[in-house]
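> Quick one: structure below, then a few questions.
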Amino acid sequence: MAGTIALKNTQAGSSVATRPAIAELAWVKWLLVTVSLGFLGVFLLMPLAAVFVEAFRKGAGAYFTSFRDPAALAAIKLTLLVAAIAVPANCVFGLAASWAIAKFSFVGKNLLISLIDLPFAVSPVISGLIYILLYGLHGWLGPWLVAHDIQIVFAVPGIVLATLFVTFPFIAREVIPLMQAQGTEDEEAAITLGASGWQTFRRVTLPNVKWAVLYGVILCNARAMGEFGAVSVVSGHIRGRTNTMPLHVEILYNEYNFVAAFAVASLLAMLALATLALKSFFEWRSRRPLGAAPPCAGADASAPIPVEDLSHEH
Amino acid sequence: MSIEVRNITKTFGTLVALHDVSLVVPSGQLAALLGPSGSGKTTLLRVIAGLEIADPGSGAVLFHEQDVGDRHTRHRKVGFVFQHYALFKHMTVFENISFGLTVRPRRTRPPAKVIRQKVQQLLALVQLENMADRYPSQLSGGQRQRVALARALAVEPQVLLLDEPFGALDARVRQELRHWLRRLHDDVHVTSLFVTHDQEEALEVADQIVVMNEGRIEQVGTPDNVFHQPANEFVLNFLGNVNVFHGRIQKDHAVFGSLAVDVPSAGAAEGCHARLLVRPHDLEIDSAPGSAGSLQARVFRVQSAGPIVKLELQTEEGQHIQVEVSHAESKRLDVQQGTIVYVRPRQSRVYVDDYSI
Amino acid sequence: MKFRFRQPSVLPGFGLTLGFTIFYLSVIVLIPLSALFLKSTAMGWGDFWQTVTSPRVVAAYKLSFGASAVAAALNAAFGFIVAWSLVRYSFPGKRILDALVDLPFALPTAVSGIALTTIYSRNGWIGRLLEPLGIQAAFSPLGVTIALTFIGLPFVVRTLQPALQDLEAETEEAAASLGATRWQTLRRVILPTVLPSLLTGFGLAFARALGEYGSVVFIAGNMPMRTEIAPLLIVAKLEQYDYAGATAIAVVMLLISFAILLAINLVQWQASRHRMGG
């Protein structure tokens, strides 16, 4: 699915560029590139730039003052807390689900995979709504929670749950296809050598999928820290207590406190840029031959590597 | 429509794929570009088609004496058949074959009825009459290649270019299609040039063979020519099996152990290392040494192979020699494993470093 | 043949991992989602129907659908050009732009929401250029469409890139050798081949746009009957404690999203059938 690209080796497109019979006219290339740059410039770069320009509109002093506001600090803390819970939880789930799905064959496997993807199809607002219907005052479990004096919606637990929902599939859907492609041979070999299940998982399986896991983790984290719609519904917007950073941005903006709003937003934007940088890094790393992949049994290490043939000879 | 290539050089970065190559393929001929991997044969084919451009200033490609170097591929009227077919997977066989006709500008495009007729004719020609509505994914490799051929022929090309057309198929299908291509060419008579690394294929199918190596043409000739009168060691080695013996020049002879070959024109090369190259069927064996010198060897293996008997001999020094004799000959000598025989070349070539004799 | 739930395997941990997986899935996803559907059935058909056909709700659906479709179409057209340029050409800054394509995916929706509003409001960077032309970008359906285009951008580009990279150059060369112009090759050979990916990208962008909240609520202005998107209407109903109404609207939206995703899967399945083998 889009946005979470499977880590696969893609061929360089440059070979097409050197084939004269299927090259476009120069002006056509220019036009297409210009249109692309224009489109990306307006729709991508401008909003990104706007965040930082507006944040520093009243100077660096005003920018840094925004973070001294206790409500802002509380929002940052809450965001970090939610991410610190949601990401590891979904990571554990992702690994468990991948193990069950990729290493075994059972009835209903495809259905399970589709169900895991379900949260992607659900609008963020609806993701929050369902938790209100379940845990809210008039929800199914409402009376029971009130009786035991447990607050879920309009409190931190609700925010955590809603975040768990929207970030649910991220790690699983990166790791499952990779584990499926890798098969069960390595693990079976380890078992025959006497390793326990846990040892096998830790020392054989995990290293093989580490890039996919890291990739999923950073995407999950970005979404967990940045989720707005779902959290907005369940949080109750209680300033200083149940506001995450995105919600705090909304409050500041609605109060016309633009500089502060963009200042906090700029932190989130920097997080997004860091996420993209890490994503590119992991994609690049996963293309290199990793130490985890053992060489073919019996291959002669000193055998000459065939020279790449540039002239289409067979 | 003859094909001529004059002084073509083509470089990819630092790799020189073609070195000043010149060639003429007369009109109506079926010629083969034969050579090992990296010899430049596919590059040459693609330059002729316009899929690669020769280095600037380096020569010309002419169809029927007209320079087509400036023309884009789509205007060269070449039919190109790719090794992996390059069929349009989302189109039926019919749509694939009619493609070249349907992309013509309105003025020159034939009406639908004519197109349909033409496609039917071509399907009959390639013996795929009932496959018009199938998709490439539903066809076998051999069938796909025939569709690719029909598609290329549909635009009535002046030149047909095939890039290892049977390379992706298995041995039996390859054999069948090879003969089928020859018959097709006899019917259709389009000047054709095909690339192959399989010398058997070239020898069986082509009117003319162009042997290439490392970007250069080594020899051009009929199959008989290149096989029995190879221009140099490379051609000799590449086409067919060959035995190699090592020895020295002494006076007017090249001496290889107990075997001496007359080499009258080699006086100046006294003491130089010499190589004797003989094809398996050019060696004769006898149960006795004979008057002219011969090599003694023990029969290591006897293998009956259809009309001939293949013998593998081993000399005392451990060299293996391949000999082919007829069944009659083999019976006459009562050849069995372990028998001692004496080997002499009927016809051979001696190579002394740079020049052949 | 005896029914087997799973094939025997020498690897341990199946029970544990599957059990945990199903448990976690149920608690986080399945049970809450079923609460939604059960609540809507509790409503009774009459009430349900009345809610989802009331004028304000219908206006919200129309806006969400219309703007999402336009945005997805814009993304399909421009996304194709962007993907093509990224795959086939090299130009300065290409690597960075390629990485940035995922920005709408990584950037929190609230941040993009306020950034877009700032740009397109009356005295914003682009807004002030449009004002003299009489075009109001922010607080109008146009603004909603712009925000939804931003959101859907990565979906089309990222699904098209692998498809374009997988194109075999020989197929295009074959078309050229048969006399086709570059434009004809694009129309008759390239586009049909990547069409499934294009449709998938369109579908994903469309589905995402339908449910989008954060990026849109700032720039929309949220005027009922005019610039109120369906997700916002759900929130409005919740604030009035009209849980039933919110649920009804949500159920319809969810069913439509599922239908779109089903359609996408069908497109992909059809395409893979065609393409099996050479």
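> Yes or no: C:Lys94 of a type in the set (Lys, Arg), over 13 Å from C:Ala230 (Cβ atoms) and out of contact with any Gly (no Cβ under 8 Å at 6 or more places or on another chain)?
So C:Lys94 fits the description; yes.
> Out of C:Leu142, C:Leu33, C:Leu86, I need the residue that is of a type outside the set (Gly, Ala, Ser), assigned to a helix (DSSP H, G or I) and over 22 Å from C:Glu212 (Cα atoms). Which one?
C:Leu86
> Just name the residue that is nearest to the chain's Cα centre (by Cα) out of those in the range C:182-205 that are β-branched (Val, Ile, Thr) and at the interface with chain B (Cβ under 7 Å from one of its Cβ atoms).
Per the stated criteria, the residue is C:Thr193.
> For the range B:255-357, list the strands (runs of 3 or more DSSP E) that sit wholly inside it and hold at least 3 residues that are modelled with pLDDT under 80 and surrounded by 13 or more Cβ atoms within 10 Å (Cβ to Cβ); which are they?
B:349-352
> Mind telling me which of the residues B:Arg183, B:Arg172, B:Arg146, B:Arg134 ends up being surrounded by fewer than 23 Cβ atoms within 10 Å (Cβ to Cβ) and in contact (Cβ under 8 Å) with a residue 12 or more places away in the chain?
B:Arg134
> In addition: Yes or no: C:Ile119 buried (at least 18 other Cβ atoms within 10 Å of the Cβ) and at pLDDT below 95?
yes
> Here's something else I'd like to know. Out of the helices (runs of 4 or more DSSP H) lying entirely within the range A:111-209, which hold 1 or more residues that are over 29 Å from the mean Cα position of the chain (by Cα)?
Once the helices (runs of 4 or more DSSP H) in the range A:111-209 are filtered for at least 1 residues that are over 29 Å from the mean Cα position of the chain (by Cα), what remains is A:142-147, A:185-192.
> How about the range C:102-111: which of its residues are farther than 14 Å from A:Met225 by Cβ and either facing another protein chain (nearest Cβ under 7 Å) or modelled with pLDDT of 95 or more (or both)?
C:Asp102, C:Leu103
> Same structure, new question: Out of (1) more than 19 Å from B:Gly50 (Cβ to Cβ); (2) more than 12 Å from every other protein chain (Cβ to nearest Cβ); (3) buried (at least 16 other Cβ atoms within 10 Å of the Cβ), what's the single condition that is false for B:Gln158?
With respect to (1) more than 19 Å from B:Gly50 (Cβ to Cβ); (2) more than 12 Å from every other protein chain (Cβ to nearest Cβ); (3) buried (at least 16 other Cβ atoms within 10 Å of the Cβ), B:Gln158 is out only on (1).
> Also, I was wondering about something else. With respect to C:Ala83, is the statement that it is crowded, with 24+ Cβ neighbours inside 10 Å, facing chain A (nearest Cβ under 7 Å) and either touching a residue at least 24 places away in the same chain (Cβ under 8 Å) or farther than 28 Å from A:Leu247 by Cβ (or both) true?
no
> I'm told C:Gln50 meets every condition in (1) without any contact (Cβ under 8 Å) to a residue 24 or more places away in the chain; (2) within 7 Å of chain A (Cβ to nearest Cβ); (3) over 22 Å from A:Phe93 (Cβ atoms) except one. Can you identify the failing condition by its number?
So the condition that C:Gln50 fails would be (2).
> Tell me the residue from B:Lys113, B:Lys89, B:Lys118 that is within 14 Å of chain C (Cβ to nearest Cβ), surrounded by fewer than 21 Cβ atoms within 10 Å (Cβ to Cβ), of a type outside the set (A, V, I, L, M, F, W, C) and in a helix (DSSP H, G or I), please.
Residue meeting the stated conditions: B:Lys118.
> Let me ask you something else. Picking from C:Ile114, C:Ile135, C:Ile126, which residue would you name as being surrounded by fewer than 24 Cβ atoms within 10 Å (Cβ to Cβ) and closer than 25 Å to A:Ala55 by Cα?
C:Ile126
Yes/no per residue for (1) within 23 Å of C:Phe5 (Cβ to Cβ); (2) of a type in the set (Ser, Thr, Tyr); (3) surrounded by fewer than 23 Cβ atoms within 10 Å (Cβ to Cβ):
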| site | (1), (2), (3) |
| --- | --- |
| A:Lys109 | yes, no, yes |
| A:Leu115 | yes, no, yes |
| A:Ile126 | no, no, no |
| A:Pro157 | no, no, yes |
| A:Asp186 | no, no, yes |
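> Let me ask you something else. Picking from A:Leu161, A:Leu133, which residue would you name as being touching a Lys or Arg at 6+ places or on another chain (Cβ under 7 Å), at the interface with chain C (Cβ under 10 Å from one of its Cβ atoms) and either closer than 20 Å to C:Leu254 by Cα or not acidic (Asp, Glu) (or both)?
Exactly one residue qualifies, and that residue is A:Leu133.
> Continuing with the same structure: Could you tell me which numbered condition A:Ser127 fails, if it satisfies all but one of (1) out of contact with any Phe, Trp or Tyr (no Cβ under 8 Å at 6 or more places or on another chain); (2) within 9 Å of chain C (Cβ to nearest Cβ); (3) hydroxyl-bearing (Ser, Thr, Tyr)?
Evaluating A:Ser127 over (1) out of contact with any Phe, Trp or Tyr (no Cβ under 8 Å at 6 or more places or on another chain); (2) within 9 Å of chain C (Cβ to nearest Cβ); (3) hydroxyl-bearing (Ser, Thr, Tyr) leaves (1) as the failure.
> Separate question: Does the range B:186-217 hold any residues that are surrounded by fewer than 21 Cβ atoms within 10 Å (Cβ to Cβ) and of a type in the set (D, E, K, R), and which are they?
Residues satisfying the conditions are B:Asp186, B:Asp187, B:Asp198, B:Glu200, B:Glu204, B:Asp207, B:Glu214, B:Arg216.
> Would you point out the residue of the range C:127-165, among those that are away from chain A (no Cβ under 11 Å) and hydroxyl-bearing (Ser, Thr, Tyr), that is farthest from C:Thr200 (Cα to Cα)?
Among those residues, the one meeting the criterion is C:Ser140.
Quick grid of which residues meet (1) assigned to a loop (DSSP other than H, G, I, E, B); (2) under 23 Å from C:Thr181 (Cβ atoms); (3) within 12 Å of another protein chain (Cβ to nearest Cβ); (4) basic (Lys, Arg):
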{"residue": "B:Leu18", "(1), (2), (3), (4)": "no, no, yes, no"}
{"residue": "B:Thr43", "(1), (2), (3), (4)": "no, no, yes, no"}
{"residue": "B:Val47", "(1), (2), (3), (4)": "no, yes, yes, no"}
{"residue": "B:Leu62", "(1), (2), (3), (4)": "no, no, no, no"}
{"residue": "B:Gln83", "(1), (2), (3), (4)": "yes, no, yes, no"}
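> Additional query: For the condition within 17 Å of B:Ile3 (Cβ to Cβ) and touching a Gly at 6+ places or on another chain (Cβ under 6 Å), what is the one hit in B:Gly40, B:Gly50? Step through it out loud before you land on a result.
Details: B:Gly50 fails: touching a Gly at 6+ places or on another chain (Cβ under 6 Å).
None of the others qualify; the one that does is B:Gly40.
> Restricting to the range A:225-257, name every residue that is facing another protein chain (nearest Cβ under 8 Å), over 22 Å from A:Tyr131 (Cα atoms) and either in contact (Cβ under 8 Å) with a residue 12 or more places away in the chain or surrounded by 22 or more Cβ atoms within 10 Å (Cβ to Cβ) (or both).
Across the range A:225-257, the qualifying residue is only A:Val249.
> Yes or no: A:Ser15 part of a helix (DSSP H, G or I) and at pLDDT below 85?
yes
> Taking the range C:246-268 as the region of interest, how many residues are over 13 Å from the mean Cα position of the chain (by Cα), facing another protein chain (nearest Cβ under 10 Å) and within 11 Å of C:Leu199 (Cα to Cα)?
Residues meeting the conditions: 1.
> Of the residues that make up the range C:227-240, is at least one more than 10 Å from chain A (Cβ to nearest Cβ) and touching a residue at least 40 places away in the same chain (Cβ under 8 Å)?
The answer is yes; a qualifying residue exists.
The values are calculated or read from the model by the stated rules, or taken from the named source; none is laboratory data. Computed from a prediction, not measured in an experiment: that's the story for all the values here. We place every Cβ from the backbone using ideal geometry, glycine too, and count neighbours over all the protein chains shown.
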